[in-house]
Every structure is written in structure tokens, then in C-alpha cells.
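Step one of this worksheet: look at the structure below.
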Amino acid sequence: MASIARCLRVARPAVFSAIVSAPRTIGARSFSVTATNAIRKYTKEHEWIDLSADKKTGVLGISEYAAKALGDIVYVELPAEGKEVTAGDAIGAVESVKSAADINAPISCKITQVNLALEEKPGTVNQVPEDDSHGGGWIAKVQVTEQGLKDFDNLMDSTAYEEFTAAEGEH
């Protein structure tokens with residue numbers, strides 16, 4: 001992992017060079033990182049969803065483009081846990097100093113968990129809107145339905161979404 005190596009090089013150059021130049025011994029295991037294999041897609045309303053590799057669960061939120069367009073977010077209305085929704089249903093809202101916008105379900109799904117940290121710190125959505133980790137700006141975790149998988153196929157991948165937002169910015 002390059003970022004770890006850079007940290008080691010800056011912090012202790014002697015230690016880093018000893019690690020890099022040390023001969024491999026029998027029985028030594030190399031360090032590897034496995035990607036999470038999440039598949040991210042976007043809606044025309046600027047929501048995103050990461051679908052897990054097994055396509056049974058996902059995490060959703062609003063895009064970085066939407067967060068920038070809204071400005072400083074001051075309130076996030078979270079969806080209700082346990083609620084079953086259809087693609088396009090309003091599941092929550094975000095309010096900023098400029099305006100307010102609904103958060104729509106990108107696919108048909110069941111809300112299994114919401115990001116309660118956003119109630120205390122709604123500005124997290126501005127800082128890391130597309131981060132689905134513990135401290136990120138994600139909105140909800142979901143269980144994907146059969147219809148949700150079909151809905152997912154109709155969403156835009158990152159390249160198509162970038163083209164869409166570039167064209168939208170020209171208007």
C-alpha cells in the first residue's frame with residue numbers, strides 16, 4: 001500500500017530501507033490488500049449507491065456534485081430504518097444554507113441502517129459525501145431486493161455520471 005510506505009519513509013527512513021532491503025525468509029507472509037469489490041452507480045438526481053460484491057446489500061448517499069451544489073449542509077433528514085422503498089421514492093432530505101433537496105432511493109430496497117452521526121454533524125456530507133466508511137457522509141445501508149437489482153442495472157456508472165454532470169454544468 002503506497003500510502004503506508006510513504007508514511008514509513010517520511011517517519012523513519014532507516015526502518016523503511018531495512019524493511020525494503022531485508023531478504024525474504026521462508027515462512028514470511030507478504031502483505032496484501034483485498035478490494036471490497038463494491039460497485040458504485042449514480043442517479044440523475046445525484047444519489048449514489050455502492051452495491052456489495054454479493055449484490056445483497058448496499059450503501060447510499062448523495063454525490064459530491066450534489067453536496068457542492070447545495071453548499072453548507074445544516075440538516076439531514078434520515079430515512080426510517082426498516083422501511084421498504086421503491087426506486088425514486090423520497091427517503092429523506094438535506095437542507096443547506098442555499099436550499100433543500102429530497103434524497104431519493106436509487107433502487108428498490110429495505111433501509112437497514114441510517115448514519116445517525118449526520119444528525120449531530122450534517123456537514124460531514126459536505127466533507128466526504130461519497131464515503132461509506134464509519135466517519136463518512138453516507139445516508140443509509142440497505143438490503144437489495146430482486147427489483148432493486150434490476151433498478152441498479154439502469155443507473156449510470158462513474159464515467160457516464162461525470163459526462164452527465166459536465167453536460168448539466170453547461171446549462
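The values are calculated or read from the model by the stated rules, or taken from the named source; none is laboratory data. Since the model is a prediction, treat every value here as computed from it, not as a measurement. Ligands, DNA and RNA are excluded from the accessible area calculation, which covers all protein heavy atoms including side chains. Shrake-Rupley method; radii C 1.70, N 1.55, O 1.52, S 1.80 Å.
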- Task: Pull out a ≥ b ≥ c, the square roots of the eigenvalues of the alpha-carbon gyration tensor of the stretch 57-171, then state rounded if a/c is under 1.5, prolate if not and a/b is larger than b/c, and oblate in the remaining case.
- Result: oblate
- Message: Relative contact order of the stretch 92-164, please, whole-number percent, based on alpha carbon pairs below 8 angstrom and at least 6 residues apart.
- Response: 31 percent
- Given pairs Lys98/Lys150; Lys55/Lys98; Lys98/Lys141 and cut-off 29 Å on Cα-Cα distance, the over-length ones are Lys98/Lys150; Lys55/Lys98
- Task: Provide the solvent-accessible area of Lys68, counting protein heavy atoms only and rolling a 1.4 Å probe, rounded to the nearest 10 Å².
- Result: 150 Å²
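Once you compute Rg and the Kirkwood Rh from C-alpha atoms, what is the Rg to Rh ratio for the stretch 96-155? Could you put the intermediate results ahead of the total?
Details: Rg = 13.1 Å, Rh = 12.9 Å.
For the stretch 96-155, the value is 1.02.
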- Message: Could you derive backbone 3J(HN,Hα) for the stretch 81-94 from the dihedral phi with the Karplus parameters 6.51, -1.76 and 1.60 (θ = phi - 60°), listing whole Hz in sequence and x where the residue is Gly or Pro?
- Response: 5, x, 6, 9, 10, 9, 3, x, 5, 6, 10, x, 7, 10
- Query: Could you give me the ³J(HN,Hα) list for the stretch 63-70, computed from phi with Karplus coefficients 6.51, -1.76, 1.60 and θ = phi - 60°, whole Hz, x at Gly and Pro?
  - Reply: 6, 4, 4, 5, 4, 5, 5, 6
- Item | Sequence-distant residues sharing a close amide H with Gly88 (under 5 Å, placed H) | Ala105, Ile107
- Using the heavy atoms of the protein chains and a 1.4 angstrom probe, tell me the accessible area per residue for the stretch 39-150 in square angstrom. 49 Å²
